1. Out of the residues in region 1-36 that are closer than 30 Å to residue 288 by Cβ and part of a loop (DSSP other than H, G, I, E, B), which is most open to solvent (accessible area, probe 1.4 Å)?
2. Consider residue 419 carefully, then state whether it is without any contact (Cβ under 8 Å) to a residue 40 or more places away in the chain and open to solvent by 30 Å² or more (accessible area, probe 1.4 Å).
3. Please state which of the following conditions residue 210 fails to meet, knowing it meets all the rest: (1) open to solvent by 40 Å² or more (accessible area, probe 1.4 Å); (2) touching a Pro at 6+ places or on another chain (Cβ under 7 Å).
4. For region 388-421, which positions are part of a loop (DSSP other than H, G, I, E, B) and touching a strand residue (DSSP E or B) at 6+ places or on another chain (Cβ under 7 Å)?
5. Quick one: which of 177, 235, 219 is under 20 Å from residue 108 (Cα atoms) and of a type in the set (Gly, Ala, Ser)?
6. Please work out which residue is nearest to residue 105 (Cα to Cα), limiting yourself to region 54-86 and to residues that are assigned to a helix (DSSP H, G or I) and of a type in the set (Phe, Trp, Tyr).
7. For region 193-205, indicate whether the set of residues that are under 21 Å from the mean Cα position of the chain (by Cα) and open to solvent by 50 Å² or more (accessible area, probe 1.4 Å) is non-empty.
8. Looking at region 40-60, which of its residues are surrounded by 21 or more Cβ atoms within 10 Å (Cβ to Cβ) and within 17 Å of residue 153 (Cα to Cα)?
Amino acid sequence: RYQPTWGSLDARPLPAWFDEAKFGVFIHWGVFSVPSFGSEWFWWYWQKEKREPYVKFMDTNYPPGFSYEDFGPLFTAEFFDANQWADVLKDSGAKYVVLTSKHHEGFTLWGSKYSWNWNAVDVGPKRDLVAELATAVRNRTDLHFGLYHSLFEWFNPLFLEDATNAFKTQKNPTSKSLPELYEIVTKYQPEIIWSDGDGNAPDTYWNSTGFLAWLYNDSPVRDTVVTNDRWGAGSICAHGGFYTCSDRYNPGRLLPRKWENCMTIDRGSWGYRRDARLRDYLAIEDLVQQLAETVSCGGNLLMNIGPTHDGRIAVVFEERLRQVGAWLKVNGEAIYGTKPWRAQNDTVTPGVWYTFSPKEGKVNAIFLNWPVSGILELGEPQAKLGETQVKLAGYKELLKWVALGEKGMVIALPQLTPQQLPCQWGWTLQLTAVN
């Protein structure tokens, strides 16, 4: 049994499914989707920091005395169709999904008995959004279902009181955040608990190790659940299951522990925002590059979308997800279930990232630029005459190659028209019998 100490908890082996999955979709949805302006930190920027664009937005568009709580009934979700979301998630090629069950605003997307009158069953949609998505994902896909949960809440009086007491009192954890965590695990059995928002309080204040010991020992998901590293000030990149280290974390090198790059298609916000411009959204080329870099360095990519207040996945997000899915249909063997190779990227040609498929013994070289010459030079693989074979994923015939001394090879790519290419945005060479 795991003890409620970091030494014991950190020694727990990470369930294998998470490393094999490689790619997940993050969904930031909540009351912040109603103003859908600037950022999901809308309440904080408007009321606490009083940032000028936010104050002006409210003064111009809402009556005097309008409070953030007044956005609650406007979070309506009338177009939310969990089955349609599940189908989009499936077509994205993702293997897991993480939904914000509660962000820093404290509004729960399920009818929590610890969030009276500030949850999606009592206010707004009058529906259990967590249950609907969990059911649809499990019925229609093979994705693992996960939940994000914020430990602290910006303006919760109990948290503010504890903070004033320098976290010597624990009113917020004992009556709000911990009961909610036990509630979502017992009720929805998520296979990921993605914790966030420590409010600068230590893990001892949140009693994170006590909760994790229960999660790993006695909870209904004890054998399959994975957790991240955001369990209190100082635990990020140091304790927990997999490491996130920071938002949009992409070290570009191999790390000793399993990690995840959580990033968002909209460069400026995690929640949906109506003031976004096309240039704010990452192009599919950027996303394929992020996926190749992240997986080659041993990480998972968690790619975020922000649905609208009425429950739609905006068309631009749906398109990006389906594009990634189309790319993975051709190149999935170079992503799913792979391990990092001895070299992560090529020494001679930039924009080439390696992964290793242990079952087939194949080295995958993902290249992001198709060379004008039709010749691709790789500095890392050691090829053997008469043994090494080179294949382009999605193309039938073997490719011709020449070895370069001790290490390295030159590969002749097939002469194809743009229509004949197996895919766009990046391609995979599968190399067998290289050192």
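1. If we take residues in region 1-36 being closer than 30 Å to residue 288 by Cβ and part of a loop (DSSP other than H, G, I, E, B), then 14 is most open to solvent (accessible area, probe 1.4 Å).
2. Details: without any contact (Cβ under 8 Å) to a residue 40 or more places away in the chain: yes; open to solvent by 30 Å² or more (accessible area, probe 1.4 Å): yes.
Yes: the conditions hold for residue 419.
3. Against the list (1) open to solvent by 40 Å² or more (accessible area, probe 1.4 Å); (2) touching a Pro at 6+ places or on another chain (Cβ under 7 Å), residue 210 comes up short only on (1).
4. Within region 388-421, 388, 393, 399, 404, 408, 413, 414 qualify.
5. Result of the check over 177, 235, 219: 177.
6. Filtering region 54-86 down to residues assigned to a helix (DSSP H, G or I) leaves 54-61, 68-74, 82-86.
This time we only want the ones that are of a type in the set (Phe, Trp, Tyr), so: 54, 57, 68, 71, 85.
Numbers: 54: 16, 57: 19, 68: 9, 71: 12, 85: 24 Å.
My answer is 68.
7. The answer is no; no qualifying residue exists.
8. Those that are surrounded by 21 or more Cβ atoms within 10 Å (Cβ to Cβ) and within 17 Å of residue 153 (Cα to Cα): 40, 42, 43.
The values are calculated or read from the model by the stated rules, or taken from the named source; none is laboratory data. Keep in mind that what you see is a predicted model, and the values were worked out from it rather than measured. Here Cβ is always computed from backbone atoms with ideal geometry, including for glycine, and neighbour counts include all displayed protein chains. The area values use the complete protein model at the heavy-atom level, side chains included, leaving out ligands, DNA and RNA. Shrake-Rupley method; radii C 1.70, N 1.55, O 1.52, S 1.80 Å.
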